[in-house]
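Contents: one structure, followed by commentary.
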Amino acid sequence: MADIVIIGAGPRGVGVLERLAANAAELASGVPFTVHLVDPHPAGAGRIWRADQSPLLKLNSMAADVTMFTDATSTIDGPVLPGPSLIEWAERVRTCRIAVACDDAVRAEIQSLEPSSFPTRRLQSVYLDWFYRRAVDSLPATARVVVHVASAVAVSGERDAAQRVTLDTGATIDADVVLYALGHTGSLPEPEHELLARFARRNSLVYIPPGYTADVDLAGLRPGEPVIVRGMGLAAVDLVVLLTEGRGGRFLPGPRGGLRYLPSGEEPRLLLGSRRGVPYHSKIGSSLRATRVEPRYFTAAVAAGLEASSDRLSFRDDVWPLIAKEMLWGYYHELFVGHPERVSTTWAEFAARFDPLGAHSRELEQLVSATVIDPIDRLDLAEFDAPLRGARYASSADLQGAVRGYIERDLLQRSAPEHSATLALFYSLLYSLFDLGTIIDSPKWSARSRIHDLAVWWPNLFSFIASGPPAHRLDELLALSRAGVVTFVGPDLRVETTPGGEFLASSPNVPGGFVARALVDARLPAATIGRTDNAALRDLVAEGHGVEELLADDDLAGSTGRLRVDAASSLVIGADGSTHPRRLAVGAYTTAPFVGAFARPGTNAVSFRENDRVARALLEVAARVAPALQGA
Ligand SMILES: Cc1cc2nc3c(=O)[nH]c(=O)nc-3n(C[C@H](O)[C@H](O)[C@H](O)COP(=O)(O)OP(=O)(O)OC[C@H]3O[C@@H](n4cnc5c(N)ncnc54)[C@H](O)[C@@H]3O)c2cc1C
């Protein structure tokens, strides 16, 4: 009997389970094996998607854009086994072709779910649970699954020998091969967070460090009291929802199609700020008028050529200018071809003049000013990335008006049919991300590119443009701002502690500031290996079987904070530089590019390719250590 241990039974862990079932007939026919799933949270949903969380928290993907199944686009060695996307699954539940156990609220949501709905995380939980059970059922008769409701704290065992996994219950599991699928891990407090926590304790204040909003205790944030919220990304959106609607407030239809907020009186006063000072761009609700233009400036072929011809790759110098130009190319193609009434020349004429110009050049700005009639259609990428940069406001009231105006414009540009060019921009960005993926493993990247640009700057820009909240969340933010529950602090947010024992939030662009007795760092923990709170990861590194990625060149030395894995095999790389043939790792904390877990259907998702490859590697070990049963 072979024993495969998967630590972490979230979407990645059970995605690999499905692939074990899919590949078993080819690679482990007749081989008796046990898959041990180790997770303190429910298998399938795991921690992030567990059912036990507020029904107000949602996915930021649409129901039509979520699947756990491979499809005809999947380039994998194992068999493609299609299955329903989230919306198709909901349709089958509605028509009784799939039976699921769920509460009334989720059942009602399934009944009304549409392809463009943003489902609750509790609904996704039921989909993932169903997916997990189906994967278990499709394993061969020679295989079984054992679930261990516990955390793994250590793994022992030398290379190419049996491994032993120790759980926090004290129990152990003997393993032939171990997969770490730990997902989004937490962090021990950073020095700044420790200082703020100490200051808060000394002065009886509330300080909430970076965390997973669903797991955070918000009870200390008192009704009517100001709370500084540092961060305006998705964690802040979750926080705002929990502290407003979650405290009994209601959104009602308001003037001019917007919303009006009816407070419950239980909400704190939220003071929102960040580096940009504005929320992420809303999800897009329009559709393309023109056929999507072929990528021209940053394609997989261009990326490969660049990689082959350079000694050292710089993301900012070599790649970003090409991606920026690709984004502008896609955007203006849709504007000129889809909406010729909004421009004063033809696409052919514009494209010919655009071609030789730099993405950030003065000449391009002049060309756009001369040919794009309405300034709202002129795309300046620097301003798009930092809309309030350089702006000065005479008062906080002025800033509130400016941020509300910005959000209203963003909503218009991302939903009105005449602004479908923003959708083309999104596609160009998305396909650039895919094409970048083809050279992301190159050893030629400069240390600065790997440590800063590819690990921080670029994912942040991508999230700001492409992974923002659904439009209705921004409508809600506008209503909360008008109701005085939310106040914007401004860009380049500064948080200080005052001699009087309070927190002070201010922006260099706005006079004055706000004092408060509560501060929330509304972002996910920076899950670096050096500071991880995950006992299994700490043990892996402490034992020398795993190592944090350190990089150095003549410009910069530093760490990406990720666990080194061999990109081609997902085998963990140890302190001595060699791979461990019995330990594999996937997920956001590894040096493999972040690929999420579920995907848009029909996109040859990298996560499914990785799951297939990893499952095949696990089965190969199983087949090596356990003889096949006769006649099985
Ligand atoms: C708050 C949040 C919202 C998101 N929303 C979306 C979205 O809307 N759309 C989208 O496409 N992506 C979203 N993502 C991206 C996310 O990466 C994927 O949706 C998915 O959760 C990743 O799956 P995973 O299994 O790798 O990680 P996780 O979902 O984090 O699962 C990992 C599992 O490992 C377990 N684990 C960790 N350490 C141990 C240990 N030592 N012992 C035992 N078990 C352990 C955890 O308990 C957890 O259940 C979101 C991520 C977060 C954090």
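The values are calculated or read from the model by the stated rules, or taken from the named source; none is laboratory data. Source: prediction; values computed, not measured. No Cβ is skipped: glycine too gets one built from the backbone with ideal geometry, and neighbour counts run over all protein chains shown. Side chains included, ligands, DNA and RNA excluded: accessible areas come from the protein's heavy atoms. Shrake-Rupley method; radii C 1.70, N 1.55, O 1.52, S 1.80 Å.
Values for this structure:
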| item | result |
| --- | --- |
| Portion, in percent, of the accessible area of the stretch 276-423 that falls on carbon or sulfur, probe 1.4 Å | 51 |
| C-alpha center-to-center spacing [the stretch 124-190, the stretch 363-433] in angstrom | 46 |
| Estimated [θ] at 222 nm from DSSP helical runs (n ≥ 4, -39500 (n - 2.57)) normalised by residues in the chain, nearest 500 | -10000 deg cm²/dmol |
| Peptides ranked, highest mean first, by Cβ atoms within 10 Å: ranges 319-328, 467-476 | 319-328, 467-476 |
| Percent accessible area from carbon and sulfur atoms, the stretch 1-97, protein chains only, probe 1.4 Å | 54 |
| Solvent-accessible area per residue for the chain (1.4 angstrom probe, square angstrom) | 41 |
| Backbone N within the stretch 192-234 under 19 Å of label point (7 Å from ALA391 Cα along the Cβ vector) | 231-233 |
| Separation of alpha-carbon centers, the stretch 39-74 and the stretch 438-462, rounded to whole Å | 27 |
| Full-stretch length increase - VAL146, ASP441 - with 0.36 nm per residue and alpha-carbon distance subtracted | 102.7 nm |
| Relative contact order (%) - the chain, alpha-carbon pairs under 8 angstrom, separation at least six | 24 |
| Pair ALA535, GLU225: separation of 7 Å Cα→Cβ label points (nm) | 3.3 |
| Sorted peptide list for 480-491, 341-352, criterion being average Cβ within 10 angstrom, highest first | 480-491, 341-352 |
| Ranked packing of 592-599, 616-623, most packed first, by mean Cβ within 10 Å | 616-623, 592-599 |
| Heavy-atom accessible surface of the stretch 552-632: percent carbon and sulfur, 1.4 Å | 52 |
| Residues listed by number, the stretch 20-53, amide nitrogen under 14 Å from GLU620 label point at 7 Å toward C-beta | 27-28 |
| Spatially proximal lysines relative to LYS58 (Cα-Cα < 26 Å; intrachain offsets below 8 disregarded) | LYS283 |
| DSSP-defined antiparallel bridges as percent of all bridges, the chain, nearest 5 | 45 |
| Point-to-point label distance, HIS472-LEU551, nm (Cα→Cβ direction, 7 Å offset) | 4.1 |
| Percentage relative contact order, the stretch 535-628, counting C-alpha pairs under 8 Å, at least six apart | 18 |
| The stretch 87-140: relative contact order in percent, alpha carbon pairs under 8 Å with at least 6 residues between | 34 |
| Two-site label geometry, ALA628 and GLU158: point separation in nm, points 7 Å out along Cα→Cβ | 3.2 |
